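Encoded as structure tokens, the structure appears first; notes follow it.
The values are calculated or read from the model by the stated rules, or taken from the named source; none is laboratory data. These numbers come from a predicted model, not from an experiment. Cβ placement follows ideal geometry from the backbone for every residue including glycine, while neighbour counts extend to all protein chains displayed.
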């Protein structure tokens, strides 16, 4: 049967590592299984993003309201990030990365 999933089939070459990919399972994967995995992956990504924001805030020792005020965002925005309803983008995402990697410098600049 020829489906649009044919483009996802892995090429069978001798260069592929043995034991790393079960080509029989890959070929047997149905479209509904792929959609289910995509939904699960999306939910995991949201949860990981929420945990990332919450982890930064907790490592810095701020309450939600203190952290929101410190980085100049509405408290509801922070809550949406931490609940996985929304994810930070653009400048907010960059600021969170800086707070994660260089918290002292970031907090000093935000005073």
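Which residues, taken from region 81-105, are within 13 Å of residue 55 (Cα to Cα) and loosely packed, with under 15 Cβ neighbours inside 10 Å? Those that are within 13 Å of residue 55 (Cα to Cα) and loosely packed, with under 15 Cβ neighbours inside 10 Å: 83, 97, 101, 103. Condition first: modelled with pLDDT of 85 or more, within 30 Å of residue 109 (Cβ to Cβ) and either under 21 Å from the mean Cα position of the chain (by Cα) or part of a loop (DSSP other than H, G, I, E, B) (or both). Can you find one or more residues in region 27-34 that meet it? Within region 27-34, none of the residues are modelled with pLDDT of 85 or more, within 30 Å of residue 109 (Cβ to Cβ) and either under 21 Å from the mean Cα position of the chain (by Cα) or part of a loop (DSSP other than H, G, I, E, B) (or both). Is it fair to say residue 54 is touching a helix residue (DSSP H, G or I) at 6+ places or on another chain (Cβ under 7 Å), within 30 Å of residue 110 (Cα to Cα) and at pLDDT 85 or above? Judged against the criteria, residue 54 is a match. Among the conditions (1) part of a helix (DSSP H, G or I); (2) surrounded by 12 or more Cβ atoms within 10 Å (Cβ to Cβ); (3) over 21 Å from the mean Cα position of the chain (by Cα), the only one that residue 108 does not satisfy is (2).
Residue check: residue 46 meets all listed conditions (1) modelled with pLDDT of 90 or more; (2) closer than 30 Å to residue 94 by Cβ but one, namely (1). Test residue 86 against the stated conditions and say whether it is within 22 Å of the chain's Cα centre (by Cα) and at pLDDT below 90. Here the answer is no, as residue 86 does not meet what is asked. Residue by residue through region 45-102, note down the ones that are on the phi > 0 side of the Ramachandran plot and assigned to a loop (DSSP other than H, G, I, E, B). Across region 45-102, the qualifying residues are 61, 72, 84.
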